[in-house]
1. Based on the mean of other beta carbon atoms within 10 Å per residue, what is the order of 231-244, 202-215, 175-188, 147-160, most packed first?
2. Quote to one decimal, in nm, the extra length available between S305 and F272 on full extension: 0.36 nm per residue of separation minus the C-alpha distance between them.
3. When the Karplus curve 6.51 cos²θ - 1.76 cosθ + 1.60 is applied with θ = phi - 60°, which whole-Hz ³J(HN,Hα) does each residue of the range 190-195 get, with x for Gly and Pro?
4. Can you give me the long-range amide H partners of M222? Hydrogens built in the peptide plane at 1.01 Å from N, cutoff under 5 Å, separation of 5 or more residues or another chain.
5. Which pairs in the list K68/K259; K92/K314; K92/K207; K235/K298; K276/K298; K138/K283 are over 24 Å apart, alpha-carbon to alpha-carbon?
6. State the percentage of accessible surface on the range 143-297 attributable to carbon and sulfur atoms; use a 1.4 Å probe and exclude ligands, DNA and RNA.
7. Could you report the range 65-316's accessible area per residue, 1.4 Å probe, as an integer in Å²?
8. Can you check what the Kirkwood hydrodynamic radius comes to for the range 65-316, Cα pairs only, in Å to one decimal?
Amino acid sequence: MTILIEQPVLLESQVEGKNVHAVETNELVLDGGFQVPKNESKDGFKPPEINSFGQTFRDYEAESERQKGVEEFYRVQHINQTHDFVKRMREKYGKLDKAEMSIWECCELLNEVVDDSDPDLDEPQIQHLLQSAEAIRKDYPDEDWLHLTALIHDLGKILILPAFGELPQWAVVGDTFPVGCAFDKSNIHHKYFKDNPDYKCSAYSTKTGIYTEGCGLDNVAMSWGHDDYMYMVAKENGTTLPSAGLFIIRYHSFYPLHKEGAYTHLMNEEDFENLKWLNVFNKYDLYSKSKVLVDVEKVKPYYISLIEKYFPSKLKW
């Protein structure tokens, strides 16, 4: 692996991480290591009712030290994610001049990353990737592109690491949303957008903003983070994943769309087709977060074979 090191990007705000210990529970697990919900059926994966902290998933109101940190994260994110900031980040990271390495080498780098915006998980990200991929593999054994998409969907979180700019977490993780148009009220902690410079900009304050209805999400600038970065890496390195795979990578954190149904006026026909697969994926991305770890070495050969099928041996990052 070749990594080119430069000075970190200096940004105005940075969220401090918190070390919070998870509550240990006795869980009934499947062979793959996932919690069995009370309504488990033979028809496939059913989401559990609580996360690994004993709370409901994506519960941003529950009182806990981690939840307070999550809200502070979104306050800073909503203030700083402007159209101009996104434009600068896409230009900077679109050069793909930070490193040359394989997909699996990047997976291993994620052992150093914990996502401060996630109220459901405090395990290293490599475990979340494998938990999602293995759960999908169990229920959709013939869709190998979907297994690989699950494995790589969060690889862009390497932006947190020093060699990739050491961006603050608000510029890497968290829910994503379009910039260049009005911030829909379905965005979590919407109240903090009032301090975003774009909030009072007339060009960005309407429902469509600088876009047109049905323009297609490919033509919409999204808040900058790991999703858009990994999408660029995959696309520019010539992946043969289907368009649905790339759609999942870029929009899997776009919860205002796939959870609340917002921003659909910007979608085109292909987006609506790909959204069907994103909705399938999202169930596994959100609910397969478990305190039971996957045996990495056991499953590695299978995922290496998929990487070789859909990606070049080395990628520019």
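The values are calculated or read from the model by the stated rules, or taken from the named source; none is laboratory data. Everything numeric in this text was worked out from a predicted model, so none of it was measured. Glycine also receives a Cβ, built like all others from the backbone with ideal geometry; neighbour counts cover every protein chain displayed. Please note that ligands, DNA and RNA were not included when accessible areas were found on the heavy atoms of the full protein model with its side chains. Shrake-Rupley method; radii C 1.70, N 1.55, O 1.52, S 1.80 Å.
1. So the peptides 231-244, 202-215, 175-188, 147-160, ranked by packing, come out 147-160, 175-188, 231-244, 202-215.
2. Between S305 and F272, full extension yields an extra 8.9 nm.
3. Result, rounded to whole Hz: 4, 4, 7, 5, 4, 9.
4. Result for M222 returns V179.
5. K92/K207; K235/K298; K276/K298
6. Taking all protein chains in place, the range 143-297 shows 49 percent carbon and sulfur surface.
7. 37
8. 18.5
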